[in-house]
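The next block holds one structure in the form of structure tokens; read it before the comments.
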Amino acid sequence: MSELVIKNLHVQIENKPILKGLNLTLPQGEVHAIMGPNGTGKSTLANTLMGHPSYQVTEGDILFDGKSLLNLSPAERSHLGIFLAFQYPVSIPGVTVANFLRTAVNAHRKAANPDDKGIPILEFRKIMKEKMEMLKVDSAFAGRYLNEGFSGGEKKRAEVLQMAMLQPSIAILDETDSGLDIDALRIVSEGVNTLRNKELGVLVITHYQRILNYIQPDIVHVMMDGRIVESGGPDLALDLEEHGYTWVREKLENGTSA
Ligand SMILES: Nc1ncnc2c1ncn2[C@@H]1O[C@H](COP(=O)(O)OP(=O)(O)OP(=O)(O)O)[C@@H](O)[C@H]1O
Ligand SMILES: [Mg+2]
């Protein structure tokens, strides 16, 4: 079975070390949550997994299906099935949601089969409509420019709509719950759950235990100072919500944690 294996990952941005020996294995079919204080490197990990050029890997490796991703471009990683829902999605004025999605779907088809002529427009519209209904987004959404003037919650739904269209093998959701109202949180989580299957591994980066009531994780990891310092079951998220991070930090300082 394929899995994402992150081994002793060290990453720096503009010569500033952010990730400092991070280890994590995400098998397909599992949902892992990452929680951790602000500025600890969670988005850095997400961006590095996707191959963002500003993030320099100085040591360690990222393996998917046993193959290193380090020399692959973001597009190549995407074609392999890695997907990132951004914490701060950017807007692309002039490119409609529908056009953006169709281009992305076609790029994936072409990567899998160079002779592919692209998804027939009617088939594309039908699938997009289904996914939009699942995520309860207004049909006018498809004709709007991507993220341009979208509310915080609409941007997050647009990210999950992309995930639904691309059907990745590994999905990284970077604070997809932040800015969602309670109903939207449930709808978006149900959307993710609909996509959950034996072939999908999900990494849910979040500050709040609440989303984990809907997207139930197999494992919860705590990230601190650029490393995973504690891992456990779903109860760990409840402990963190109740007691904060101080106890994890104290445990670390006393040298009793892995
Ligand atoms: N482009 C950059 N240039 C300089 N420093 C950066 C850059 N990107 C990230 N950093 C720094 O790296 C550290 C980790 O940031 P990161 O966004 O990964 O944290 P995070 O855990 O996602 O935090 P949050 O919970 O607030 O989203 C921060 O100190 C941040 O200021
Ligand atoms: Mg972040």
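The values are calculated or read from the model by the stated rules, or taken from the named source; none is laboratory data. Please read these numbers as outputs of a predicted model, since none were measured by experiment. Ideal geometry is used to build each Cβ from the backbone, glycine not excepted, and the neighbour counts take in all protein chains shown. Protein only, heavy atoms only, side chains kept; ligands, DNA and RNA dropped before computing areas. Shrake-Rupley method; radii C 1.70, N 1.55, O 1.52, S 1.80 Å.
Restricting segment 1-17 to residues that are among the β-branched types (Val, Ile, Thr) and more than 10 Å from Gln56 (Cα to Cα) leaves a set whose member that is surrounded by the fewest Cβ atoms within 10 Å (Cβ to Cβ) is Val5. Just one of the numbered conditions (1) of a type in the set (Ser, Thr, Tyr); (2) closer than 20 Å to Leu45 by Cα; (3) under 16 Å from the mean Cα position of the chain (by Cα) is not true of Ser231: (3). If you go through segment 207-240 and keep only what is open to solvent by less than 20 Å² (accessible area, probe 1.4 Å) and either touching a Cys at 6+ places or on another chain (Cβ under 8 Å) or closer than 20 Å to Leu4 by Cβ (or both), you end up with Leu212, Ile215, Pro217, Val220, His221, Val222, Met223, Gly226, Val229. The requirement of being out of contact with any helix residue (DSSP H, G or I) (no Cβ under 6 Å at 6 or more places or on another chain), open to solvent by less than 10 Å² (accessible area, probe 1.4 Å), touching a residue at least 12 places away in the same chain (Cβ under 8 Å) and part of a helix (DSSP H, G or I) is not satisfied by Val204.
Please find, among Leu45, Leu24, the residue that is within 26 Å of Glu230 (Cβ to Cβ), open to solvent by less than 60 Å² (accessible area, probe 1.4 Å), away from ligand 2 (no atom under 13 Å from the Cβ) and not in a loop (DSSP other than H, G, I, E, B).
Details: Leu45 fails: away from ligand 2 (no atom under 13 Å from the Cβ).
The conditions single out Leu24.
Based on this model, can you work out whether Leu252 counts as within 16 Å of ligand 2 (Cβ to nearest atom), within 30 Å of Lys16 (Cβ to Cβ) and surrounded by 15 or more Cβ atoms within 10 Å (Cβ to Cβ)? Here the answer is no, as Leu252 does not meet what is asked.
Taken over segment 1-53, the residue count meeting the criterion of being within 30 Å of Glu190 (Cβ to Cβ) and among the polar types (S, T, N, Q) is 9.
In segment 45-61, the residues that are under 9 Å from Ile13 (Cβ atoms) and in contact (Cβ under 8 Å) with a residue 40 or more places away in the chain form Cβ pairs under 7 Å with partners that are in a helix (DSSP H, G or I) and within 16 Å of ligand 2 (Cβ to nearest atom), at six or more places apart or across chains, as follows: Tyr55/Thr44; Tyr55/Asn47; Tyr55/Thr48.
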